[in-house]
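*Asks:* Sharing a structure below in C-alpha cells format, with a few things to ask.
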C-alpha cells in the first residue's frame, strides 16, 4: 500500500485532496497532513511516507525550502500549486509531476499511478530541479515607470514601500524607482521565500535584514540603518520566517 503525506498551508486544499484520494485511490494510506515547511519537515521525519503531495507557496516558505532539508530523499513527490508560475517550468524540465489547483480527478489518479511505479532517478531529478531554482538568484523583475522599463535583479532589491497606488523600489546600490502599481500586486509576484510584507506599506528582502528591534512594537533593520516597521500581528510570523531562512 502506498503511504502519502499532504503538505499545504490551506486547510480546504488539504481536505479536498484527502477526500479525492480517499474516494478515487482507496488503496492509498494517508499518514498525515502538515500546514507548512516546518511542520512538513517534522511529518516526513516522523512518518517516512512513500510519497508527498507538496504545495509550492506556503506561509512559512516554499516547497523547495522543505526539499533542501532532504538532500537524499527516500520519498517520491507530486507538487501542487494554485499558481502558473516560473517554478512549473523547472518542474517540467526535470520530469517531476505536478497538479494545478483545483485538482482534476483524472490527473490525480494518473499521478498516483506514477507514484505506484516507484520511478527511479528521483534523487537526481530533485538535485537538477534545485540547481535550476538556485539560478533564480539572477532572476530579474521588469519595472515600468514614466521613463520606460527597468530590469532589476531580485537579489539586489532590499525593500519596497507603498504610497497610495504607487510602489517605490530600493536597491543595494542606493537607487530607487517609483512604479504605478500597488504593493499588493508585488506581494503576489515576488517569491515569498525571499520577500516578506512586514506592514501594510512595506516589503523587505530577507537577505538584507540585519536585526529585529523591539522598539515601538518592532522594526526590521536594513542597510543604512533603515528601520522598517513590523505590524504587531505579523511580528511572530516574520520572526519564524527569518528562522526558516536560517537567520
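The values are calculated or read from the model by the stated rules, or taken from the named source; none is laboratory data. Remember, it's a predicted structure, so these values are computed and weren't measured experimentally. Neighbour counts are summed over all protein chains in view; Cβ atoms, including those assigned to glycine, are modelled from backbone coordinates with ideal geometry.
*Asks:* Run down 19, 34, 74, 82 and say which single residue is surrounded by fewer than 22 Cβ atoms within 10 Å (Cβ to Cβ) and more than 21 Å from residue 116 (Cα to Cα).
*Replies:* 82
*Asks:* If you don't mind, there's one more thing I want to ask. What number goes with the only condition from (1) buried (at least 20 other Cβ atoms within 10 Å of the Cβ); (2) more than 20 Å from residue 2 (Cα to Cα); (3) without any contact (Cβ under 8 Å) to a residue 40 or more places away in the chain that residue 62 does not pass?
*Replies:* (3)
*Asks:* Right, something else. So residue 199 fits all but one of (1) touching a residue at least 40 places away in the same chain (Cβ under 8 Å); (2) surrounded by 19 or more Cβ atoms within 10 Å (Cβ to Cβ); (3) within 18 Å of residue 219 (Cα to Cα); what number is the exception?
*Replies:* The number of the failed condition is (1).
*Asks:* For residue 29, state whether it is loosely packed, with under 15 Cβ neighbours inside 10 Å, out of contact with any helix residue (DSSP H, G or I) (no Cβ under 7 Å at 6 or more places or on another chain) and modelled with pLDDT of 95 or more. Talk me through it step by step, then tell me what you get.
*Replies:* Working: loosely packed, with under 15 Cβ neighbours inside 10 Å: yes; out of contact with any helix residue (DSSP H, G or I) (no Cβ under 7 Å at 6 or more places or on another chain): yes; modelled with pLDDT of 95 or more: yes.
The answer is yes for residue 29.
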